[in-house]
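Chemist: Handing you a structure now.
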Amino acid sequence: MHILLTGGTGLIGRGLCRYWIGQGHRLVVWSRTPESVPRRCGETVRGIGTLEEYGDAPLDAVINLAGAPIADRPWTGKRKKLLWASRVTLTERLLAWLETREQKPRILISGSAVGWYGDAGEHRLTEASPPVQEDFAAQLCGAWEEAALRAEAQGIRVALVRTGLVLAADGGFLKRLLLPFRLGLGGPIGNGRQWMSWVHLQDQIALIDFLLQREEARGPYNACAPQPVRNAEFARALGRVLHRLAVLPVPAPLLRVGLGELSGLLLGGQHAEPARLLEAGFSFRFTSLDAALEDLLGRH
């Protein structure tokens, strides 16, 4: 299969490239640093700096995962513009290029997040649930999905992957927590009652491949393990696997002062359930948070 990826040098994209190389697929990554793609994604992966460089080669699927990190720094006006441009505007550029192609891909798998629902409190969320709160993250995910769905007008099937917190040993959310927790400075955020929908990186790669292989796959899919946990439970589980106490809370007022609007992303949460993936027959390898963390960090 000929696959084009955006966001291919990110955590999920690199994992997909490694997996799909082993499956014999031909991969191209659209990147701001195309010269680094073979080193970061695999020697057989081709990097391109512009979509026009793709040429007239066959194209079976597009995986659209590009997006600047959402929780790395406060959401200033400038940062919000970058987050929007790297997701919504980039997707619009991708669709404009696809419009020029005579041969269209069969499927576009486009990124999103459980943040689409907003801070949902105690609501249990399936793909049939409406947004609960229209905060910036929800607006961003909503516009990102709407842009991707326009590909249906070109006869391209669209699947939307609403990802939770991706757990990996070598990057992402979990890596940023390791130092404070190993120093005994970890603990719950705010009151610790907010829900965290999480997914092991291996399952995230597997479920995207699962959707790629299913001719009937379309619409939104919650990409998270079937058993979300509260933030305080997450902190205790991470402390256990690292053999550290995890009792020092991060006060909500301190977060609000330091991070501004971004603090809502950490103090809020979603109890998202992967209803459509389970109905389609996908089997998660990691359904227990303790098992996932032990797999990732137990030998570290």
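The values are calculated or read from the model by the stated rules, or taken from the named source; none is laboratory data. A quick note: this is a predicted structure, and the numbers were derived from the prediction, not measured. Cβ coordinates were reconstructed from backbone atoms using ideal geometry, including for glycine residues, and neighbour counts include every protein chain displayed.
Chemist: Among R79, R87, R73, which is touching a residue at least 40 places away in the same chain (Cβ under 8 Å) and over 27 Å from A206 (Cα atoms)?
Modeler: R73
Chemist: Go through (1) β-branched (V, I, T); (2) assigned to a helix (DSSP H, G or I); (3) under 20 Å from the mean Cα position of the chain (by Cα) for V199 and report which single condition fails.
Modeler: Condition (2) is where V199 drops out.
Chemist: Return the residues of region 261-297 that are among the hydroxyl-bearing types (S, T, Y) and in a helix (DSSP H, G or I); say none if nothing qualifies.
Modeler: Selection gives S263 alone.
Chemist: Here is a list: W97, W84, W75. Which entry is in contact with a helix residue (DSSP H, G or I) (Cβ under 6 Å, 6 or more places away or on another chain) and assigned to a helix (DSSP H, G or I)?
Modeler: Among W97, W84, W75, only W97 is in contact with a helix residue (DSSP H, G or I) (Cβ under 6 Å, 6 or more places away or on another chain) and assigned to a helix (DSSP H, G or I).
Chemist: Let me ask you something else. Which residue is modelled with the lowest pLDDT, if the candidates are limited to region 109-152 and must be surrounded by fewer than 16 Cβ atoms within 10 Å (Cβ to Cβ), charged (D, E, K, R) and part of a loop (DSSP other than H, G, I, E, B)?
Modeler: Applying the filter and picking the extreme gives E134.
Chemist: Here is a further query. Only one of (1) surrounded by 15 or more Cβ atoms within 10 Å (Cβ to Cβ); (2) more than 30 Å from P130 (Cβ to Cβ) fails for P251. Which number is that?
Modeler: Exception for P251: condition (1).
Chemist: With the requirement that a residue be in contact with a Gly (Cβ under 6 Å, 6 or more places away or on another chain) and of a type in the set (S, T, N, Q), what does region 171-213 give you?
Modeler: Within region 171-213, Q194, S197 meet the criteria.
Chemist: Further question: Output the residues belonging to region 153-174 that are in a strand (DSSP E or B) and not aliphatic (A, V, I, L, M).
Modeler: R157, R162, T163
Chemist: Could you identify the single residue in A168, A237 that is within 21 Å of the chain's Cα centre (by Cα) and small (G, A, S)?
Modeler: The unique qualifying residue is A168.
Chemist: When the residues of region 257-288 are filtered to those that are surrounded by fewer than 16 Cβ atoms within 10 Å (Cβ to Cβ) and at pLDDT below 95, which remaining residue is nearest to the chain's Cα centre (by Cα)?
Modeler: In this case the residue turns out to be E261.
Chemist: With respect to the numbered conditions (1) in contact (Cβ under 8 Å) with a residue 40 or more places away in the chain; (2) surrounded by fewer than 19 Cβ atoms within 10 Å (Cβ to Cβ), which one is the sole condition not fulfilled by N231?
Modeler: (2)
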